[in-house]
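We did not get these values from a lab; they are worked out from the coordinates using the rules stated. Please read these numbers as outputs of a predicted model, since none were measured by experiment. So basically every Cβ, Gly included, is an ideal-geometry build from the backbone, and we count neighbours across all protein chains shown.
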Amino acid sequence: MELIDVCGGEVFITGQVGPDGDFAAATKDVASLVYLCKPQEGCLPDQAWESSSHKERVDLPLGPGLFEVRSALSAVDRINKMAKPILFMCKSANRAGAMASVFQGCRNGWSSEQTLEWAKPLGLKFLTMPPMVEWVSACVDSRFPKGGLIFRQLFEKESSTFTYILGDAETKQAVIIDPVDKTAERDSQMVTEMGLKPTLLLNTHVHADHITGTGKLKGLLPGGAKSGVSEASGGQADVKIHDGDKIRFGSRYLEARATPGHTAGCMTFVLDDKSACFTGDTLLVRGCGRTDFQGGSSETLYASVKGKIFTLPNDCTVYPGHDYQGRHSSTVGEEKAYNPRLTKPVEEFVSIMSNLNLPYPKQIDKAVPANMVCGICDEVEGGDKAEASV
Ligand SMILES: N[C@@H](CCC(=O)N[C@@H](CSS)C(=O)NCC(=O)O)C(=O)O
């Protein structure tokens, strides 16, 4: 009979007692048992339990449809008070792994994603059973429900850039996506008046048409907000973002998805519940970012959009980095149906992109070097020089 240690000798899980009935020997150091089988399953013979006295036991007959989330949470409270080490036991170790995960997630204040991430390297078998994964997620998320979201879309008119503020309504922790230097004072005042505490000032990429506001905002905001840009951009920042990173603010988070193509280091940030994505210049409303400088590649952009954005739910709102025609947002479903570039086969898309004939952005020569250091740049009188210094 094998006990699997899932928490440094404090929490164990196991399946059915072996035919040798070696329960007493295997569990001699266990102080409490959480038994998850129905009586008729007969996984724990009475004599086995009786031979292992001095132990506390709680019976939670757990099976699909048997156990409401509410009951699981009161069980967690009860288990929390039991002496450690605790053994979670059932016939196959599936329910034991699931309930142990709920216990761990709840007592550590983890989200469902964090709980499942914890369970993965342990190879817990319930992870291959979608109803059990859903049950674990529902239990953990209802213990610590996601806070409300505070959201603002702001506009900088010279470069037609959108800046986004996202905050957790309870904790007030916040992130700002793609602020612009020219509107840094406005943004700083706004988050201060809203009582928000931005911890991370994110860039979807190294911009070519304006200087990022992340450097300036770091100086304006109290509380040590950090700048962020993707590692792949080659830019300097306090926080380097990678594909798959979770950017947390309070109980909410953004998932970073690498979406290269407009530039080599472009990122799209997807809200935790997939209701919104912030695509920078990768995907614009009925358009997309140009691909003719900064490591741009039309084929790569096409693959990024199809693989990392068009795989989101159709009702996911697309918040772009720019719009030049007075539009503010779109949805994944709309762009999949009506984007005049990305509805085309890849060869036609590449040809469209090669024939855009757009003039270079007016500020490119000063914006790119400044943005490689997140906008911390020397300013001479008149604010026109933008040689980067760290
Ligand atoms: N006129 C503007 C630059 C306009 C431009 O090139 N926009 C970029 C995004 S900012 S680098 C773009 O990708 N546009 C795609 C499109 O189809 O318009 C300026 O001079 O700054």
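Structure notes:
- Table column - 3J(HN,Hα) (Hz), the range 261-275, Karplus curve with 6.51, -1.76, 1.60, x for Gly and Pro: x, 5, 10, 5, x, 5, 10, 10, 10, 10, 5, 3, 8, 6, 7
- Under the Debye formula (equal points on every Cα, no solvent term), log10 I(q)/I(0) of the chain at q = 0.07 Å⁻¹: -0.44
- Figure legend: label point modelled 7 angstrom from the Cα of TYR338 along Cα→Cβ; residues of the range 299-320 with amide N under 14 Å from it are 318.
- Here the spin labels are modelled as points 7 Å beyond Cα on the Cα-Cβ line, and at GLN236 and ASN357 they lie 4.1 nm apart.
- Relative to the current alpha-carbon distance between LYS38 and LYS157, full extension at 0.36 nm per residue lengthens the span by 36.3 nm.
- With eigenvalues of the C-alpha gyration tensor scaled by 5 and rooted, the range 149-377, Å: 27, 20, 15
- Full-extension gain in nm, ASP29 to PHE144, via 0.36 nm per residue minus C-alpha separation: 38.2 nm
- Percent antiparallel among DSSP beta bridges (both partners in the chain, rounded to 5): 55 percent
- Bridge type composition, the range 4-142 - antiparallel percent by DSSP, nearest 5: 15 percent
- Computed E for LYS274/ALA83 - FRET, C-beta separation, R0 56 angstrom, nearest 0.05: 0.85
- Cα shape, the range 242-390, gyration tensor, a/c 1.5 rule: oblate
- Between THR317 and LYS120, the simple spin-label model (points 7 angstrom out along Cα→Cβ) gives 2.9 nm.
- Rel. contact order, % - alpha carbon contacts under 8 angstrom, at least six apart, the range 149-377: 19 percent
- Over all distinct Cα-Cα pairs of the range 136-206, the Kirkwood formula returns a hydrodynamic radius of 13.3 Å.
- Relative to its residue count, the range 4-142 spans a Cα convex hull of 100 Å³ per residue.
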